[in-house]
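K.L.:
Dumping the structure here so I can ask a few things about it.
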Amino acid sequence: MTRETSLTGVEQFFEENELIVSKTNLKGHLTYTNDVFLRIAGYTEKECLGQPHSMIRHPDMPRCIFGLLWETIQDGREIFAFVVNRCKNGDHYWVNAHVTPSRDGSGNVVGYHSNRRVPDRKILESAIIPLYKDLLAEEQKHSNRKSGLEASTGMVTNLLKERNLAYDEFVATL
């Protein structure tokens, strides 16, 4: 669907007091989207429900960050991460995402819940955008996607080891 949409380079914004909310099943298919999600992304609820959450994946988002995100939530832990998403029309928007596993009454993970807030612009511009550009460049310079993903994951792993931080701690220190 949106994967064929050309990028416009236009950034969309939402209000400080708004939350973008979505829920998925265990495979990452959307089971709920709130009105803010729909308005910013430019989709209707009918277009979203049942679709992979990756329908809003922006090609400038490093794959290694999504890998880290999925690894964390599939392990039953929460994660905070900065994410750039793509709107239906090719625009984009940045979020500070908090993604958590959703559990049933017995404690089993049954899906995932994401709340996204307006990110701190200074953090985006001083740390996140430059880091993501470097990670993406590393991913793209390899002849195959798997090698690129491994290389960029290694970059993130080394960065975290150098700072002796887990990813959430790294994000919290920015």
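K.L.:
Among the candidates E150, E169, which residue alone is in contact with a helix residue (DSSP H, G or I) (Cβ under 9 Å, 6 or more places away or on another chain), without any contact (Cβ under 8 Å) to a residue 12 or more places away in the chain, surrounded by fewer than 17 Cβ atoms within 10 Å (Cβ to Cβ) and under 23 Å from G28 (Cα atoms)?
P.N.:
Working: E169 fails: under 23 Å from G28 (Cα atoms).
Unique residue meeting the criteria: E150.
K.L.:
Continuing with this model, one more query. Only one of G42, G50, G28 is free of Cβ contacts under 8 Å to residues at least 60 places away in the same chain and within 26 Å of V109 (Cβ to Cβ). Can you tell me which?
P.N.:
Values: G42 fails: within 26 Å of V109 (Cβ to Cβ); G28 fails: free of Cβ contacts under 8 Å to residues at least 60 places away in the same chain.
When all the criteria are applied, what remains is G50.
K.L.:
Next up: Given the options V99, V36, name the one that is surrounded by 14 or more Cβ atoms within 10 Å (Cβ to Cβ) and within 22 Å of L7 (Cα to Cα). Give the derivation first.
P.N.:
Working: V99 fails: within 22 Å of L7 (Cα to Cα).
It is V36.
K.L.:
For segment 93-113, what are the residues that are within 30 Å of V10 (Cα to Cα) and either in a loop (DSSP other than H, G, I, E, B) or touching a Cys at 6+ places or on another chain (Cβ under 9 Å) (or both)? Walk me through how you get there before you give the answer.
P.N.:
We begin by selecting, within segment 93-113, every residue within 30 Å of V10 (Cα to Cα); these are 93-100, 112-113.
Passing the criteria: only Y93.
K.L.:
Across segment 2-20, what is the number of residues that are surrounded by 14 or more Cβ atoms within 10 Å (Cβ to Cβ) and either charged (D, E, K, R) or within 19 Å of T72 (Cβ to Cβ) (or both)?
P.N.:
Here the count works out to 1.
Only the coordinates and a few stated rules stand behind these numbers; no lab work does. As the structure is a computational prediction, the values presented were derived from the model and not from experiment. Heads up, the Cβs are rebuilt from the backbone with ideal geometry, glycines too, and the neighbour counts pull from every protein chain shown.
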